[in-house]
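The values are calculated or read from the model by the stated rules, or taken from the named source; none is laboratory data. Values in this document were obtained by computation on a predicted structure and should not be read as measured data. As a convention, Cβ positions derive from the backbone with ideal geometry for all residues, glycine included, and neighbour counts pool all protein chains shown.
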Amino acid sequence: MLLCSGGVQAMGMARPSDQATCTRSLNLLACSDELGNFYSVATQGRASYLRGYEAADERRWAQTNSRYGQLTLFTGLASDGEIWIGTIQRVGWTTVTRVSSSKGTRSSISCGRLTGCHEQRR
């Protein structure tokens, strides 16, 4: 998991190697970690554009999200040919993410402020 930790080194503490260093501007967030992974998120209106690189698999990927009220639709493509499509729906304090990929993976992740996250793979 990538986490932003921009202020950790400034406070004199060692940064764990599994965390990322991030830079942010008004419409762009870019992060990288010591393992060579990176990702960026750019926003424009109701759309978000994500790009990333997974160093272990030498895999590049891109994803586009479009938000319509409480519903977000997304599609993605990776350099190994994998394609995915999904939805993110907010209902009260709960967010439900459903995704299907060309590799045959289907999953549903439900996250609530009080209950945490639970994943169901099909």
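The set of residues in region 1-34 that are part of a loop (DSSP other than H, G, I, E, B), at pLDDT 70 or above and either surrounded by 13 or more Cβ atoms within 10 Å (Cβ to Cβ) or charged (D, E, K, R) (or both) comprises Gln19, Glu34.
Can you find a residue that is surrounded by 13 or more Cβ atoms within 10 Å (Cβ to Cβ) and closer than 21 Å to Ser110 by Cα anywhere in region 52-60? Among the residues of region 52-60, not one is surrounded by 13 or more Cβ atoms within 10 Å (Cβ to Cβ) and closer than 21 Å to Ser110 by Cα, which makes the answer no. Just so you know, in region 70-83 the residues that are of a type in the set (A, V, I, L, M, F, W, C) and closer than 14 Å to Arg60 by Cβ include one that is surrounded by the fewest Cβ atoms within 10 Å (Cβ to Cβ), and it is Ile83.
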